[in-house]
Amino acid sequence: MNRYYTKEDVEECDLDPELEGEFDEFGTETDYDFSKQNIVSGLQAKGWEDYDGYEGDARVIAYKDKSLVYGGCEISLEIKALVRFGYYEGACMDLSGKVTIDSAGDYWTGSPEYDMFDDGDFSEFSVVDDNWTGNAGLDHLQAKNIIKKLNAIIEDLRNEAEYVFSCYCGEELAVAYHCSNGETGYSRIEKRLYQEVDETKPNKAA
């Protein structure tokens, strides 16, 4: 989040008293770079790859790929850790991802891709409608199992990322309300996700 000069900053660094309460650009950038590097390192420890690029207006800082064969389908998943700027204060972490069905499609249409976080785009109906297995009967038979398997993998990937975000981001926000006009309100979380997760882990012997 954005940093502002405090009374302590002014006194300790012998700054102009009028700076108190003003935006600290250097401090904000330093905090951002420090948090970003910690997040990338935390994700790398979980098998993610470092990356520096953009997806629309968001900056991509890391990604992870996973492939599997299940229910007669060859499937690839890619999830990305994003930094989105300008929301509320400072920067916000986010995720994006796609599921690619390598066993479906053809030379002309290509392999179908789906937004892994869009339930409307990625569902059991997709398995049947896009003929993932190449066999209509098998599509109907395996659709539920395939989506259940993929959703479990996606949930694991999401949990990996959100745990690391929780460890190194300045604050965590939760959705407080949705309005009919699309406006969404957020509230700050007192107890961090990583704290809740760590509390469920068995204590290690000293």
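A quick yes/no check of all residues on (1) open to solvent by less than 50 Å² (accessible area, probe 1.4 Å); (2) at pLDDT 75 or above:
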residue	(1), (2)
Asn145	no, yes
Arg158	no, yes
Tyr163	yes, yes
Gly170	no, no
Val175	no, no
As an exercise: evaluate Gly170 against (1) touching a residue at least 40 places away in the same chain (Cβ under 8 Å); (2) within 17 Å of Val60 (Cβ to Cβ); (3) not in a helix (DSSP H, G or I) and give the number of the one condition it does not meet.
(2)
Condition set among the hydroxyl-bearing types (Ser, Thr, Tyr) and within 30 Å of Thr133 (Cβ to Cβ), scope segment 49-92, selection modelled with the lowest pLDDT: answer is Tyr70
Answer residue from segment 40-57, given it is in a loop (DSSP other than H, G, I, E, B) and closer than 19 Å to Lys98 by Cβ and is least open to solvent (accessible area, probe 1.4 Å) among those
Trp48
In segment 119-143, which residues are exposed (fewer than 12 other Cβ atoms within 10 Å of the Cβ) and under 13 Å from Val99 (Cα atoms)?
Asp119
Search segment 93-109 for residues being open to solvent by less than 30 Å² (accessible area, probe 1.4 Å) and either hydroxyl-bearing (Ser, Thr, Tyr) or at pLDDT below 85 (or both), and hand back the single one that is nearest to Tyr51 (Cα to Cα).
Ser96
Residues within segment 177-206 that are of a type in the set (Ser, Thr, Tyr) and modelled with pLDDT of 75 or more, tallied
2
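The values are calculated or read from the model by the stated rules, or taken from the named source; none is laboratory data. Model, not experiment: these values are computed from the prediction. Glycine also receives a Cβ, built like all others from the backbone with ideal geometry; neighbour counts cover every protein chain displayed. Calculation scope for accessible area: heavy atoms of the full protein, side chains included, ligands and nucleic acids excluded. Shrake-Rupley method; radii C 1.70, N 1.55, O 1.52, S 1.80 Å.
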